[in-house]
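Have a look at the structure below, then the notes.
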Amino acid sequence: MSRFHDPPDPDFQRLNASIAFDRRLWPQDVAQSRAHARMLAERGIISGEDRDALLAGLDAVERELREESFPFADDDEDIHMAIERRLTEIAGSVGGRLHTARSRNDQVVTDLAMYVRSRSAQARERISRLMATLLARAEEHLDWPMPGYTHLQRAQPVYLSHHLLAYFWMLARDRTRFAFAQDQAGWLPLGAGALAGVNFDTDRSLLARELGFSAVAPNSIDAVSGRDFALDYLNAAATCSTHLSRLGAELVLWSSAEFGFCELPDAWSSGSSIMPQKKNPDAAEMLRAKAPRVVAHLAGLHGVLHGLPLTYNKDLQEDKEPVFDAGDTLELTLAAATGMIAGATFDRERLRDAAADELLAATDIADLLVRLGLPFREAHGIVAGLVRTAVDSGRPLSELTPQELAEHSETLADHGAEYREVLAQSSWLESKLSEGGTSLARVSEQIAKARAVLDEDARS
Ligand code: ARG
């Protein structure tokens, strides 16, 4: 029987159905239903016999889903109804007992929370792989000088190891964000019913334990309405994607003939359909371009939730696709980043020559003047003048004459030997001895810290 006189409009059915995408939740839905059936029997709400029939039926349903032989029907609205329909076809009318003390409202959010937990764990694993790769490449290129940039203008030299490790730390924080999202998805919604709880004395703690939740959601209204764990997941994915886009952008620049800092592995590059000489950094470009899509999913779900009255509203069906697509996109781009970093070959000479520009030592000369007693602002002005004289006359700083030095600063002219020493390339790098700086001692210290942080997550 139905309360309706008329059948649904086919376009309404299409609008209303989520089966096309939520079928991905079948492993969570089957696992949840098994736990639910066991709990119902445990509490004497269904008989042991019914429980066994339901579990056997769920096994058969799972097999079909796994082997992709599950017969989806045209009017299956979502994965929950499809599984219940099929279960009833296989096990008979007992299938109808599975939905005792459960609503699709608590069912769907339980599936999604389980999904977010497992997807967060996967993200952490893939991030760890990329972190390990960056760390290994940093160790290989420990003392390779390269220019560090601000405004994409050469600014101060750094070691390639130091630059690569910058990404390591961004990713370490991303990994923590995913661990947080995983935690936030740790409250069990199941048992909240449609919104108010159910008319049976269920055992939600048992369900929580069986399904790996850390606690039972304490408020049934919050349990069926809340999706902030999905926002947390999307936030972690959005920030991580944004980090990958910066890495992608740098790889595009670095692999160009103009920079010539690295060559990307063939396995992650494309040719051109018309220009036979081309090797295009498509994967790196995709890292750059995929990020806004993931960020849009975060903004999209905020849009769905904002101003939404409690409790369940059909709007909430729109929570799934952003999560699925963000996960797919992120995991693929993490794999691409790992492949590119693992296989990139760096050009030591190009990097060194680009870092050998003496103008990069301008700050170091200003700091020499500071050590000789001048205020930094004054020193900055003197060096700016020196740079102008050098650039205007087309000579490097080290070729300015003692008279020219004296015109800008008597103090500097008096310390000509130190001035030239500062201009020797290795000293610009090794003078960056502050904690977290680029000197070799500090980078080595950083590598030891990175090693410890990398292993931390594996233990948790
Ligand atoms: N497909 C629905 C969703 O994804 C399942 C919950 C439906 N609940 C309801 N009361 N109509 O949100």
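The values are calculated or read from the model by the stated rules, or taken from the named source; none is laboratory data. Note that the structure is predicted; figures quoted are calculated from it, not measured. Backbone-built Cβ (ideal geometry, glycine too); neighbour counts: all protein chains shown.
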Inset, instruction - Could you tell me which of the residues Ala155, Ala138 is of a type in the set (Gly, Ala, Ser), modelled with pLDDT under 95 and in contact with a helix residue (DSSP H, G or I) (Cβ under 8 Å, 6 or more places away or on another chain)? - result: Ala155
Inset, instruction - Tell me which residues, restricted to the range 296-351, are of a type in the set (Lys, Arg) and surrounded by fewer than 16 Cβ atoms within 10 Å (Cβ to Cβ). - result: Lys314, Arg348, Arg350
Inset, instruction - Within the range 85-99, track down each residue that is assigned to a helix (DSSP H, G or I), surrounded by fewer than 21 Cβ atoms within 10 Å (Cβ to Cβ) and not aliphatic (A, V, I, L, M). - result: Arg85, Thr88, Glu89, Ser93, Gly96, Arg97
Inset, instruction - Tell me, please, whether a residue that is in a helix (DSSP H, G or I) and of a type outside the set (Gly, Ala, Ser) can be found in the range 185-203. - result: no
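One line per residue, one yes/no per condition, for (1) within 16 Å of the ligand (Cβ to nearest atom); (2) within 30 Å of the chain's Cα centre (by Cα):
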| site | (1), (2) |
| --- | --- |
| Asp78 | yes, yes |
| Arg97 | no, no |
| Val109 | yes, yes |
| Arg117 | no, yes |
| Ser120 | no, yes |
| Thr133 | no, yes |
| Ala136 | no, yes |
Inset, instruction - Might you check whether a residue that is of a type in the set (Ser, Thr, Tyr), touching a Ser or Thr at 6+ places or on another chain (Cβ under 8 Å) and at pLDDT 95 or above occurs anywhere in the range 256-272? - result: no
Inset, instruction - Just give me the residues in the range 303-317 being within 12 Å of the ligand (Cβ to nearest atom) and more than 28 Å from the chain's Cα centre (by Cα), in sequence order. - result: Thr311, Tyr312, Asn313, Lys314
Legend entry - Selection within the range 153-194 - within 16 Å of the ligand (Cβ to nearest atom) and either over 28 Å from Ser103 (Cα atoms) or surrounded by fewer than 22 Cβ atoms within 10 Å (Cβ to Cβ) (or both): Gly193, Ala194
Inset, instruction - Within the range 115-152, work out how many residues are over 14 Å from Ala236 (Cβ atoms), of a type in the set (A, V, I, L, M, F, W, C) and surrounded by 18 or more Cβ atoms within 10 Å (Cβ to Cβ). - result: 8
Inset, instruction - Output the residue which, of all residues in the range 1-49 that are without any contact (Cβ under 8 Å) to a residue 12 or more places away in the chain and among the hydroxyl-bearing types (Ser, Thr, Tyr), is farthest from the ligand (Cβ to nearest atom). - result: Ser47
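What number of residues in the range 387-398 are surrounded by 12 or more Cβ atoms within 10 Å (Cβ to Cβ) and under 45 Å from the mean Cα position of the chain (by Cα)?
4
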Inset, instruction - Select, from Ala91, Ala82, Ala113, the only residue that is away from the ligand (no atom under 15 Å from the Cβ), hydrophobic (A, V, I, L, M, F, W, C) and at pLDDT 95 or above. - result: Ala91
Inset, instruction - Hey, could you check the range 305-320 for residues that are without any contact (Cβ under 8 Å) to a residue 40 or more places away in the chain and in a helix (DSSP H, G or I) and say which is nearest to Pro265 (Cα to Cα)? - result: Glu318
Inset, instruction - Can you give me the number of residues within the range 263-278 that are more than 12 Å from Ala342 (Cα to Cα) and surrounded by 11 or more Cβ atoms within 10 Å (Cβ to Cβ)? - result: 4
Inset, instruction - Those residues that are outside any helix (DSSP H, G or I) and of a type outside the set (Gly, Ala, Ser), I need them from the range 266-304; list them, please. - result: Ile274, Met275, Pro276, Gln277, Lys278, Lys279, Asn280, Pro281
Inset, instruction - Among the candidates Ala208, Ala238, single out the residue that is over 27 Å from Ile127 (Cα atoms) and either surrounded by 20 or more Cβ atoms within 10 Å (Cβ to Cβ) or more than 16 Å from the ligand (Cβ to nearest atom) (or both). - result: Ala208
Inset, instruction - Give just the number: which of (1) of a type outside the set (A, V, I, L, M); (2) buried (at least 20 other Cβ atoms within 10 Å of the Cβ); (3) assigned to a loop (DSSP other than H, G, I, E, B) does Asp232 not satisfy? - result: (3)
Legend entry - Check on Gly385, touching a residue at least 12 places away in the same chain (Cβ under 8 Å), assigned to a loop (DSSP other than H, G, I, E, B) and out of contact with any Phe, Trp or Tyr (no Cβ under 9 Å at 6 or more places or on another chain): no
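This table checks each residue for (1) buried (at least 20 other Cβ atoms within 10 Å of the Cβ); (2) in contact with a helix residue (DSSP H, G or I) (Cβ under 9 Å, 6 or more places away or on another chain).
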position: Arg3; (1), (2): no, no
position: Pro10; (1), (2): no, no
position: Asn16; (1), (2): no, yes
position: Met39; (1), (2): yes, yes
position: Ala56; (1), (2): no, yes
position: Glu77; (1), (2): no, yes
position: Ala101; (1), (2): yes, yes
position: Arg104; (1), (2): no, yes
